[in-house]
1. Tell me the volume per residue, in Å³, of the convex hull enclosing the alpha carbons of the chain.
2. Among K33, K81, K101, which one shows the highest mean-square fluctuation when the chain is modelled as a Gaussian network with alpha-carbon springs under 10 Å?
3. With an 8 Å Cα cut-off and a minimum separation of 6 or more residues, compute the relative contact order for the chain in percent.
4. For a protection proxy built on the mean count of beta-carbon atoms within 10 angstrom, sort 46-56, 82-92 highest first, please.
5. Under 18 Å Cα-Cα from K103, which lysines qualify once same-chain neighbours fewer than 8 residues away are excluded?
6. Below 14 angstrom from the Cβ of D95, what's the summed charge of the other residues (Lys, Arg +1; Asp, Glu -1)?
7. Rounded to two decimals, what is the ratio between the C-alpha radius of gyration of the range 70-116 and 2.2 N^0.38 Å?
8. Among R31, R38, which comes first, second and so on when ranked by fewest other beta-carbon atoms within 10 Å?
Amino acid sequence: MSKKKLSLLIGAAAGAVLGMMFAPTKGKELREKIKKAREKGDSGIDVIKDHAKKVQNELVDTYNKVKENPTTKKLTAKVKKTFDDLATLSEEDFDNLKEEKEKVKPAKSKILKKKK
């Protein structure tokens, strides 16, 4: 797994754990479990670790389902092709785009003035 994907998963898991802790229902349950663990003399860290592991597994499962979804694959291919196309644009292509943008500016200004 790439470093970016791993970082994304870790960040998502941390966010999910915090979200669960502060969510009205599940957060209340988690806080109650932590409270009970602390009453028994435990720090409650194991409860958080167990919960984080469950959330992590859910995130990985969801990620894998989304990744394997045919629609996701099609969209990913389209995005990749678009970026590849943009990457192959030459400096001349960019200059042409800038020229076209300049041609459109006056019409855009007229349209925006009419809307006011």
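FYI, it's all coordinate maths here, none of it is from the lab. Just so we're clear, the structure is a prediction, and the values are computed from it rather than from any experiment. Methodologically, a virtual Cβ is constructed for each residue, glycine included, from the backbone with ideal geometry; neighbour enumeration extends over all protein chains shown.
1. So the per-residue Cα hull volume is 216 Å³.
2. Most flexible of the set in this elastic network: K101.
3. 18 percent
4. My ranking of the peptides, most packed first, is 46-56, 82-92.
5. Cα-Cα hits under 18 Å: K113.
6. So the environment of D95 carries a net charge of -3.
7. In units of the globular-protein estimate, the range 70-116 measures up at 1.75.
8. The order, fewest Cβ neighbours first, is R38, R31.
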